[in-house]
Amino acid sequence: MKLLGLALLFGLASTQQFMIDFNLPDVVHCSKTQYDEVKLTVSTSANLAPCAEDIGVSPDVLLNGKIPNEALAKVKGSDACEHLYVDIQVASAGKDCIELDAFQNITWTMATALVDMGALPKASTRCDKDELSELFMVVVYSPHLFSCLDDASLNLHFLFSFRGLSDLPPVEQLELVRSSSVC
């Protein structure tokens, strides 16, 4: 079920954000039976057929199939799909497994944002930390360095430790650097 799959992706992303280690022995992963229970409950939802109709697919495709991107793009504008999403959350509640429990923290806005992201074309080149670091080094030699860092909510330590960090800076901060008149 693609809607459930999208929600589960967000659930996994949100648990990663809170640093949950999925390999710990006490983490209980969802079983096929638990997923099947959710799917069975959702298959009887009064919102399934109207949502499927709104996006131009059959209820069976919505539950089991690969939903085309053009159909997924219509999900955001469908009240029936939003209500179906709530039905999926309700059906997922209390399953006592990490993936379905995490789903409870995923809003409709978050789920539809994932649909929007999935529709974007893939980048033709990977973001290379070394190249990005070189671009930041141009800023280091700028007389506007401190103004730029302040404007982009970065600090000097970040700039010099960037290559050793495991993650890239958030897109919002890179966007601030790009759009800042002082950078």
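The values are calculated or read from the model by the stated rules, or taken from the named source; none is laboratory data. Treat the numbers as computed from the prediction; the structure is a model and nothing was measured. Cβ atoms come from the backbone with ideal geometry, glycine included; neighbour counts cover every protein chain shown.
Among the residues of the range 142-153, is there at least one that is at pLDDT 70 or above and at positive phi? There is at least one residue in the range 142-153 that is at pLDDT 70 or above and at positive phi. Residues in the range 114-131 that are surrounded by 11 or more Cβ atoms within 10 Å (Cβ to Cβ) and in contact with a Lys or Arg (Cβ under 9 Å, 6 or more places away or on another chain): 115, 116, 129. Scanning the range 64-86 for residues that are surrounded by 19 or more Cβ atoms within 10 Å (Cβ to Cβ) and touching a residue at least 40 places away in the same chain (Cβ under 8 Å) yields 67, 72, 75, 81, 84, 85. For the range 23-73, what are the residues that are farther than 16 Å from residue 90 by Cβ and of a type in the set (Ser, Thr, Tyr)? Result: 31, 33, 58. The helices (runs of 4 or more DSSP H) found wholly in the range 52-133 and carrying at least 3 residues that are in the same structural domain as residue 30 (by TED's automatic domain parsing) and closer than 26 Å to residue 30 by Cβ occupy 59-64, 79-92, 98-102, 108-119. Residues in the range 72-119 that are closer than 27 Å to residue 171 by Cβ and among the charged types (D, E, K, R): 74, 76, 82, 99, 116.
Please work out which residue is surrounded by the fewest Cβ atoms within 10 Å (Cβ to Cβ), limiting yourself to the range 24-53 and to residues that are without any contact (Cβ under 8 Å) to a residue 12 or more places away in the chain and of a type in the set (A, V, I, L, M). Restricting to residues being without any contact (Cβ under 8 Å) to a residue 12 or more places away in the chain and of a type in the set (A, V, I, L, M), the top hit is 24.
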